[in-house]
Amino acid sequence: MTRADFIIHSHADSAGYILDKIADNELTEREEADYWRLRTTLHILQRKSTVEDSTIMVSLDFYKKQDMQKELKDTYMLVLNHLFWKGDKSNYRYYMEEALKFAENTNDSLFTYNIFRSAAKDFYIKNEYRPAYNYYKKAAEYNDSDPSVFYEAGLTYCHIADNDTIDYWMQKAIALAKQQNDTSKILHYYRNYADIQMSAKKYDDALSNIRNIKRYTSNTLIEPFMMAMIYLQKHKPDSAQYYLNKTAELHSGDDTNRGFLATKRGLSFLRSLMDYGNGDSFNFSIIGQYTDSLRAAQKYEMIKFEEQVLAKQKLSEQNQALIIKKQQIQLLLLTILFLISVIGIVTYIYIKRKKDKISRMDEKMESLQQLLADVSDDLKKNRENSSYFKKVLLQQLGIIRLTASNPTNQNQEMFQRILKITNDEIPVDSLIVWEDLYTLIDSLYDNFYTRIQKSFGDILTEKEIQLCCLLCANFTTKEISVISQQSIRTIYQRKTTIREKLNMQQAEDIVEFINK
């Protein structure tokens, strides 16, 4: 996109090729705005109508939102061109006023000048000379150093009226071109000024302007050829003949970019016309040869154009076929990739769930075994440490009773009961008498339950108080998970909820906080 923007004014065809390639891609909002701006600019450079370029409004809206002033200046003129071709006079006036207000807010008189001049050219192309002239006048108010705007104003006004106003604009344009030593503009302005004067039958003024051309060049057909035309209009055949002969002597080079009367055949036609005026016969073959050459050139150009259209159509069909084939391959690859992804995701989820289940089983078994080990080691310590609390808790769960029964079947029965608890077949709440445990907690841990109930009983739920009691008894997260038949993640989440309710730091110890 940047490359196309950089070369569009110098190599419009290459920029168009780049834009055609970009059109197949997915664009960001900024890229889309740039794309339509460049596409409309390309149509203008290719001398095409912009009546279908309504998407330029997308570019304008984006640039206004982003306050991109440089792009806005270009886009306002493109929008005005589009609305002009569309014939939407109401919106044309609206956006003209909006553009002028933007120019005023940015204190940019050059942009104002460009807006008026662009509008003038739009109306001139459609032969609406009065509004075109008015816009040229406004443009000249904002830039009085550009000779071309004065020249174009004079050229436009000659289609409206024939008076001294034309002389003002043309003479001002020539004077500015002289100040800038721009020879090409001086010659161009003098020649067309003479044409205007000749059309107005101001032949002497036209002769004066043509003679001025001599001061700026000595190797041109303009001066003798225009002198011949003027003397023909003045009905002075001798003088006209003289300058026609002089034009023929100076004539050289290619006739491709010359008007018919300035070509070799045109000069022959004028000389034959002069001879006829002097009593000789008129050579009609000159006209026949010229018209034949026009037909031949037209036929050649038509054949060339048809060949170019066919070649372009063939290339377009081939390109379209390649695009369709590319899309089919991409769709197939995406389908295969999607299927592989689905299979991979399903397999991953299945394996992860299997591993998680095994891991949870292992953790519960490990926790229960650890609890049993703690009770076995600390049975004699009774109230002296937290193992006594674990013992009482395990007695309520029935595990101690099982181990004290038939020693022969001890291990078998213990593991059967553990498995039932682990698989959530036996609800733990039905085995634990918390009212007894609360009393035990108070006696072992300095009235911990009573203190938490008094300080935070209206904040924490019963389950959360039970969790705090287990933490106070030095139960690990894994052990609490087994006892409460909840996942380790759930236990962590409940601890986080307790900290939030108590306005604690996430890393702060819950038991220490309550004991403060």
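Where does each of His159, His9 land when they are ranked from fewest to most other beta-carbon atoms within 10 angstrom?
Lowest count first: His9, His159.
If packing is taken as the average number of other Cβ atoms within 10 Å across a peptide's residues, how do 318-326, 222-230 rank, most packed first? Show your work: numbers first, answer last.
Details: 318-326: 10.4, 222-230: 22.9.
Ranking the peptides 318-326, 222-230 by packing returns 222-230, 318-326.
Report, in listed order, any pair from Lys352/Lys478; Lys454/Lys516; Lys48/Lys121 with a Cα-Cα distance greater than 18 Å.
Going by Cα-Cα distance, Lys352/Lys478 fall outside the 18 Å limit.
Provide the packing ranking of 208-214, 91-97, i.e. peptides ordered by the mean count of other C-beta atoms within 10 Å per residue, highest first.
Most protected by this proxy first, the peptides run 208-214, 91-97.
How would Ser316, Ser481, Ser148, Ser14 line up from fewest to most surrounding beta-carbon atoms within 10 angstrom? Intermediate values should be presented prior to the final figure.
On the way: Ser316 10, Ser481 21, Ser148 16, Ser14 13.
Neighbour counts put them in this order, fewest first: Ser316, Ser14, Ser148, Ser481.
Can you flag which of Lys64/Lys185; Lys64/Lys172; Lys178/Lys202 are past 30 Å Cα-Cα?
On the way: Lys64/Lys185 38 Å; Lys64/Lys172 38 Å; Lys178/Lys202 23 Å.
Among Lys64/Lys185; Lys64/Lys172; Lys178/Lys202, the Cα-Cα distance tops 30 Å for Lys64/Lys185; Lys64/Lys172.
Can you sort Leu100, Leu42, Leu470 from fewest to most other Cβ atoms within 10 Å of each residue's own Cβ?
Least crowded to most crowded, the residues run Leu100, Leu42, Leu470.
Any read-out appearing in this document is the output of simple, stated calculations on the displayed coordinates, not a laboratory observation. Given the structure is predicted, the values throughout are model-derived calculations rather than measurements. Because the Cβ atoms are built from the backbone with ideal geometry, glycine has one as well, and the counts that use them run over all protein chains shown.
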